[in-house]
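Okay, structure first, notes after.
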Amino acid sequence: MFNKIIITLLLLLQPDDAKFASSLCNEAKIYAKNNNYNEAGELFLKAVSKNPYYFYAHYGYGKVCLYTGDIKNAVKHLSIAVTLDASSANGWFYLGFAYFFSKQYMNAVSCFKKAYTIDSSCIESLYNIAVMYEMMGNSFLSQNYYEKYFFAKNKKDTGILF
């Protein structure tokens, strides 16, 4: 534990121009976890400029934008993130929220479906799909996805192995 603190302090004291994109992202995560989104955003952007092909830089900056209400940049950077790593359920999930907040409901549905397809434990995606369909006035599909969500949420493990 003590070693972790020393390493974190050394990383924080290192000048930004000497850091790798991954180091900048690790530092940005610390700020983001403490709700210091301005500092986190700046560091994620520096990571993007150092390595524009680094998934976590775009993903992190996209989430910061989402949390701060900069929806246009959230859509932009989360879209780049899932282009860089299409297997990221979290990337698709948060991109779904970005599309939701920009009122692009069908794009949001598509992203939530991808998140759930990649990771079936991400059952919140089913709930969000139901909400999107409800907002679009499709009560049949909305009800269908609410039922899928509640079934998955209340599903019990039988313990039977084959």
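The values are calculated or read from the model by the stated rules, or taken from the named source; none is laboratory data. Everything numeric in this text was worked out from a predicted model, so none of it was measured. Neighbour counts run over all protein chains shown; Cβ positions are idealised from the backbone, glycine included. With ligands, DNA and RNA removed, areas are computed over all heavy atoms of the protein, side chains included. Shrake-Rupley method; radii C 1.70, N 1.55, O 1.52, S 1.80 Å.
Relative contact order for region 62-148: 19 percent, from Cα pairs under 8 Å spaced at least 6 residues apart, divided by residue count.
With θ taken as phi - 60° and the Karplus curve 6.51 cos²θ - 1.76 cosθ + 1.60 applied, the whole-hertz 3J(HN,Hα) list for region 129-141 is 4, 4, 4, 4, 5, 4, 5, 8, x, 9, 5, 5, 5 Hz, x standing for glycine and proline.
Couplings 3J(HN,Hα) of region 21-28, computed from phi: 4, 5, 5, 4, 5, 4, 5, 4 Hz, in residue order, whole Hz [Karplus 6.51 cos²θ - 1.76 cosθ + 1.60, θ = phi - 60°; x for Gly and Pro].
Among 100-112, 51-63, sorting by the average number of other beta carbon atoms lying within 10 angstrom of each residue, highest first, gives 51-63, 100-112. Maximal additional length on extending the residue 29-residue 67 stretch stands at 12.3 nm, based on 0.36 nm per residue less the C-alpha distance. Around residue 57, under 9 Å between beta carbons, what's the net of Lys plus Arg minus Asp minus Glu among the other residues? Here the charged neighbours net out to +2. Non-local lysine pairs in region 60-162, meaning eight or more places apart or on different chains, with alpha-carbon distances under 17 Å, amount to 9.
Positive contributions from Lys and Arg (+1) and negative ones from Asp and Glu (-1), summed over other residues with Cβ under 10 Å from the Cβ of residue 91, come out at +1. Relative contact order, whole percent, for region 47-109 stands at 26, derived from Cα pairs under 8 Å and 6 or more residues apart. Hey, rough spin-label estimate for residue 20 and residue 38, points 7 angstrom out along Cα→Cβ, what's it come to in nanometres? Distance between label points: 3.1 nm. Taking all protein chains together and a 1.4 Å probe, the residues 125, 120 rank 120, 125 from largest to smallest accessible area. Rounded to whole numbers, the Karplus 3J(HN,Hα) couplings from phi for region 113-125 are 5, 5, 4, 5, 5, 6, 9, 5, 7, 8, 5, 4, 4 Hz, using 6.51 cos²θ - 1.76 cosθ + 1.60 with θ = phi - 60°, and x at Gly and Pro.
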